[in-house]
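Asks: What follows is a single structure, and I will ask about it in a moment.
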């Protein structure tokens, strides 16, 4: 029988985490083990993977075939895109954004990281901290993933040595000083043999921390949202015009920051008019308060002209209202960034246009050094960029609020999302 | 200790889906919700109702009708539409066959599953829908695991999985050119278990065939299929009466039935928690090849 009880499942929390890694570092093995050991791989899926592995002439069951869903991926044996996988333990439900780890997939790693509460970074115990570790950690820092778990893998190949573990741990923490990681946890594992993945390892009695699954189940995620600065981007205006709700005018949206309570005084941006919250409505009822990431409908005491793209905030802590914005930008498209080029911008529920005014520097994601002399920004490049928008945006620094600090850049000719930006730059590199 | 400002996973998924559905209403001129009568589209409709309350649904429901339905699904559909005061549009595969748009498959394993794509695309074109919301979930199938919330379709309705738009945070890019449309999947991040738990929590009514009943069935390649006038038996097959229920609902010709005595949601959840086969394991349409779903999706399938 299953370890789930019908009632217990209703109280679970959701944790989204990302993994980055390439073919050889055991990432697929690790995910395969997490899924398999939590009974999230079904027999027909396993059968299909077994059949495909044999057809390919593989010696072992290739668990990567579970996540590599597209024909081209299976043919070429590579992961092209972000794959989402799901599993649950009796404590939590998990969403894995599984991304390839090579430098040419930086944009996929950035995508996977954008919604993650936690990141798993794998280090091969034989190699220690490498360029790849550096890159993955930088992305975790850039995207401000609240929790980073460093899995020192392949401990079986270094005789489960505590010395090796401690050395790598020190090596990483020295390097991580250059980054702004909020919380780092270290776990020595062997994904292949299962040491410290789900069950505690008999081979590493010196390790006193929890297994990877234990860490994933117990990370504190309640504080991952900004609960201080009230931000409510208006998504849609609800006007039923029915007999029963004739004068109803509600502002539908998702709380992006802070806590809104009935009776709170709010300021509407950009008009700067103020009013009081009459009600916070959900289906057939009302709430006393709402916080991120709740989707609610707010009604106000006063009749004010408010539409999509406006934002409800509070007087005591306003966002920055500005047309000049500096962002760290990851470029997502083959067509390079055009300096002085014009693009469409989406920020919260607001649509504006912008002109790229200046590229200040690019970042070498392997060494974290600034590249000041090459300012051409192409696919997978990360650069500090200054842009000016046609209308003001209501922004917070990305390290203060991941929702109001994020924007995307769209090519107006192709309608493609070509760049993504994180507002502010001081959270990236020390002295940056 | 739990922080006061935490949410359960079902609350978080619900808020995410409501956000996506509202985003569709805000970004598109003529959205539509694809309604099959299955549990996923029922949950999606429920979420849409919640998203716009006290307003009405700001878009119609579209049912692509293969003509090969479980009767109970149609009864359920018509009751729901009446209760919600929603507009229902039906795209008929039979009509696509009659007008020569598609040719009916032949043989004992013939199915109208693939034919639906043409009917769907024709209906989208006819009504000039620019966004069609579907109940697809990423945990269902490996090609679906790569799907975006906002999935761009070209003027032929095709999906280009290798060239999808990056989708970050909760910022959705629904910009498109004339003639193109979007498929939107508001419950992308839900698993089968989440859907059932939510149905229990919200006390959502379902078509009766999800619960145990006696039915005349026959076994084909290990899958139990229902007796229906348009199904042809092969030589080695015969009808027998079994206690069954549906785990998923699709076209009757390719929906496998589960031998089950589960009579309420709690029992269904216990059954699913203990099962070791995916829900699409019983779907003949997915077994045609390793990339059956990807190939259908590229052409414009749900």
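Asks: Which residues, counting only those in the range B:1-24, are more than 7 Å from every other protein chain (Cβ to nearest Cβ), within 19 Å of residue A:295 (Cα to Cα) and in a loop (DSSP other than H, G, I, E, B)?
Replies: B:4, B:7, listed by residue number.
Asks: Being buried (at least 18 other Cβ atoms within 10 Å of the Cβ), at negative phi and within 14 Å of chain A (Cβ to nearest Cβ) narrows it down to one of B:70, B:52, so name that one.
Replies: B:52
Asks: A follow-up question, please. I'd like to verify a number: residues in the range A:136-157 that are in a helix (DSSP H, G or I) and over 15 Å from residue A:112 (Cβ atoms), how many?
Replies: Summing the residues that are in a helix (DSSP H, G or I) and over 15 Å from residue A:112 (Cβ atoms) in the range A:136-157 gives 3.
For every residue, the table says whether it meets (1) at pLDDT 95 or above; (2) farther than 26 Å from residue B:218 by Cβ.
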| site | (1), (2) |
| --- | --- |
| B:66 | no, no |
| B:71 | no, no |
| B:74 | no, no |
| B:81 | yes, yes |
| B:92 | no, yes |
| B:95 | no, yes |
| B:98 | no, yes |
| B:107 | no, no |
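Asks: Would you tally the residues in the range A:259-291 being facing chain B (nearest Cβ under 8 Å) and either out of contact with any helix residue (DSSP H, G or I) (no Cβ under 8 Å at 6 or more places or on another chain) or assigned to a loop (DSSP other than H, G, I, E, B) (or both)?
Replies: Looking only at that region, the number is 5.
Asks: Can you find, within the range B:117-145, the residue that is farthest from the chain's Cα centre (by Cα) among those that are modelled with pLDDT under 85 and either outside any loop (DSSP other than H, G, I, E, B) or not assigned by TED's automatic domain parsing to the domain that holds residue B:188 (or both)?
Replies: Looking at the filtered set, the residue picked out is B:145.
Asks: Inside the range B:25-42, can you point out the residues that are more than 14 Å from chain A (Cβ to nearest Cβ) and under 19 Å from the mean Cα position of the chain (by Cα)?
Replies: Hits for the range B:25-42 are B:32, B:33, B:34, B:35, B:36, B:37, B:38, B:39, B:40, B:41, B:42.
Asks: Next up: Just for strands (runs of 3 or more DSSP E) wholly inside the range A:295-343: which have at least 2 residues that are closer than 30 Å to residue A:365 by Cα?
Replies: Per the criteria, A:320-331.
Asks: Of the residues that sit in the range A:224-258 and are surrounded by fewer than 17 Cβ atoms within 10 Å (Cβ to Cβ) and without any contact (Cβ under 8 Å) to a residue 24 or more places away in the chain, which one is nearest to the other protein chains (Cβ to nearest Cβ)?
Replies: Ranking the qualifying residues of the range A:224-258, first place goes to A:245.
Asks: So which residues in the range B:71-87 are out of contact with any helix residue (DSSP H, G or I) (no Cβ under 9 Å at 6 or more places or on another chain) and not in a helix (DSSP H, G or I), if there are any at all?
Replies: B:85
Asks: Something else: Check the range B:25-39 and report whether any residue there is outside any loop (DSSP other than H, G, I, E, B) and without any contact (Cβ under 8 Å) to a residue 40 or more places away in the chain.
Replies: Looking through the range B:25-39, at least one residue is outside any loop (DSSP other than H, G, I, E, B) and without any contact (Cβ under 8 Å) to a residue 40 or more places away in the chain.
Asks: Exactly one condition in (1) at pLDDT below 95; (2) out of contact with any helix residue (DSSP H, G or I) (no Cβ under 9 Å at 6 or more places or on another chain) is not met by residue A:142; state its number.
Replies: Only one criterion is unmet by residue A:142, namely (2).
Asks: Tally up the residues in the range B:175-189 that are more than 9 Å from chain A (Cβ to nearest Cβ), over 23 Å from residue A:16 (Cα atoms) and buried (at least 20 other Cβ atoms within 10 Å of the Cβ), please.
Replies: Total satisfying the criteria: 3.
Asks: Now for a separate question. Do you know which residues across the range A:202-223 are outside any loop (DSSP other than H, G, I, E, B) and either surrounded by fewer than 19 Cβ atoms within 10 Å (Cβ to Cβ) or within 11 Å of chain B (Cβ to nearest Cβ) (or both)?
Replies: Those that are outside any loop (DSSP other than H, G, I, E, B) and either surrounded by fewer than 19 Cβ atoms within 10 Å (Cβ to Cβ) or within 11 Å of chain B (Cβ to nearest Cβ) (or both): A:214, A:217, A:218.
Asks: Could you figure out which of (1) in contact (Cβ under 8 Å) with a residue 12 or more places away in the chain; (2) away from chain B (no Cβ under 14 Å) isn't true of residue A:139?
Replies: (2)
Asks: Sort out for me the strands (runs of 3 or more DSSP E) sitting completely within the range A:357-432 that have 2 or more residues that are at pLDDT 95 or above.
Replies: Output list reads A:382-395, A:406-410, A:417-423.
Asks: Given the options A:131, A:166, A:159, name the one that is surrounded by fewer than 18 Cβ atoms within 10 Å (Cβ to Cβ), over 20 Å from residue A:403 (Cβ atoms), touching a residue at least 60 places away in the same chain (Cβ under 8 Å) and not assigned by TED's automatic domain parsing to the domain that holds residue A:366.
Replies: Being surrounded by fewer than 18 Cβ atoms within 10 Å (Cβ to Cβ), over 20 Å from residue A:403 (Cβ atoms), touching a residue at least 60 places away in the same chain (Cβ under 8 Å) and not assigned by TED's automatic domain parsing to the domain that holds residue A:366 holds for just one of A:131, A:166, A:159, which is A:131.
Asks: Oh, and also: Enumerate the strands (runs of 3 or more DSSP E) found wholly within the range B:199-302, keeping only those where 1 or more residues are at pLDDT 80 or above and within 14 Å of another protein chain (Cβ to nearest Cβ).
Replies: B:223-226, B:257-259
The values are calculated or read from the model by the stated rules, or taken from the named source; none is laboratory data. Since the structure is predicted, the reported quantities are computational estimates derived from the model, not experimental observations. Here the Cβ is made from the backbone with ideal geometry for all residues, glycine too, and neighbour counts use every protein chain on show.
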